[in-house]
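Notes follow the structure.
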Amino acid sequence: MKLALAQLQVEPADVAGNVARAEAAIETAAARGVDLVALPELFNVGYFSFDLYARNAEGLHGETLSRLSDAALENDVAVLAGSIVEDLGQTREQTDVHTPADDGLANTAVLFDAEGERQLVYRKHHLFGYESAETGLLTPGDRVPVADLGGFTIGVTTCYDLRFPELYRGLVDDGADMLLVPSAWPYPRVEHWQTLPRARAIENLSYVATINASADFEDATLVGRSTVFDPWGTPVATTDDRPDIVYADADPDEVARVRDEFPALDDRR
């Protein structure tokens, strides 16, 4: 599988511009022959634009996800819509997709296949309370699905989830061998951003891809550094904190080979 991590320039509150930049990144990456393009956390509204969450929330059939579904189909490429602010009430009205509450907001990532069909919906489980309004605004997710795509079993988590390794072990128990982590990780915690996903890759013998944005908010600047780690925990592709697209090849046979050579998962008690 050829991966593209779209480290977008996210402008706070510029939803139209941010979605257009996402569409352009998908088109650019697809022209390079990739199989999957992954976008950052809350790429449309901007993570730290808390006062805009409710105004820009939408259901799973809302404009942002509909445009990205169309972009997947038009470019013949799978797309991880990093996450948006989901209006759970609208989703319940529009679809039969399970929601963790009858109404309210959630931080929701959606994986589309190359035909624009929804394959996975993940709502962020661990809501960030440190210098963040997320815990007061959002409803945490209650399901951790996986999806088969391009020879991989893919699991999705979001940003702060990286600090909770049990979530990843559960995904691996469900067959995951590639873990995608859309994020909005800020300075100064660069070492955490580089260490935690590497640890998740090492302990689960899985690919881990972190997709951050490039953005400046009133009280925060994102560190960028989107990275693909292989099943040994080696970073195979990365960047700095500027807008960029990170490209990498991932092979499900490599996961099988590493797990066979170093069968740590079989030694759990």
So how many residues does the stretch 212-269 have that are open to solvent by less than 100 Å² (accessible area, probe 1.4 Å), part of a loop (DSSP other than H, G, I, E, B) and among the acidic types (Asp, Glu)? 4
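Scan the stretch 47-64 residue by residue and report those that are open to solvent by 30 Å² or more (accessible area, probe 1.4 Å) and either in a helix (DSSP H, G or I) or at positive phi (or both). Step through it out loud before you land on a result.
Looking only at the stretch 47-64, we keep the residues that are open to solvent by 30 Å² or more (accessible area, probe 1.4 Å), and these are 48, 50-51, 54-56, 61, 63.
Phe50, Asp51, Ala54, Arg55, Asn56, Glu63, listed by residue number.
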Residues of the stretch 107-135 being within 14 Å of the chain's Cα centre (by Cα) and aliphatic (A, V, I, L, M), in sequence order, are Ala109, Val110, Leu111, Leu120, Val121
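Those residues that are in contact with a Ser or Thr (Cβ under 7 Å, 6 or more places away or on another chain) and either buried (at least 24 other Cβ atoms within 10 Å of the Cβ) or charged (D, E, K, R) (or both), I need them from the stretch 65-90; list them, please.
Within the stretch 65-90, Ser83, Ile84, Glu86 meet the criteria.
Does Glu203 meet the test of being touching a Pro at 6+ places or on another chain (Cβ under 7 Å), among the acidic types (Asp, Glu) and touching a residue at least 12 places away in the same chain (Cβ under 8 Å)? Lay out the reasoning, then the answer.
Values: touching a Pro at 6+ places or on another chain (Cβ under 7 Å): yes; among the acidic types (Asp, Glu): yes; touching a residue at least 12 places away in the same chain (Cβ under 8 Å): yes.
Taking the combined requirement at face value, the residue satisfies it.
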Reported set for the stretch 20-41 where residues are of a type outside the set (Gly, Ala, Ser) and either surrounded by fewer than 20 Cβ atoms within 10 Å (Cβ to Cβ) or not in a helix (DSSP H, G or I) (or both) is Glu23, Glu27, Thr28, Arg32, Val34, Asp35, Leu36, Val37, Leu39, Pro40, Glu41
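The values are calculated or read from the model by the stated rules, or taken from the named source; none is laboratory data. In this text the structure is predicted, and so the values were computed from the model without any measurement. Methodologically, a virtual Cβ is constructed for each residue, glycine included, from the backbone with ideal geometry; neighbour enumeration extends over all protein chains shown. To get the accessible areas, we keep the full protein, side chains included, count just its heavy atoms, and leave off ligands, DNA and RNA. Shrake-Rupley method; radii C 1.70, N 1.55, O 1.52, S 1.80 Å.
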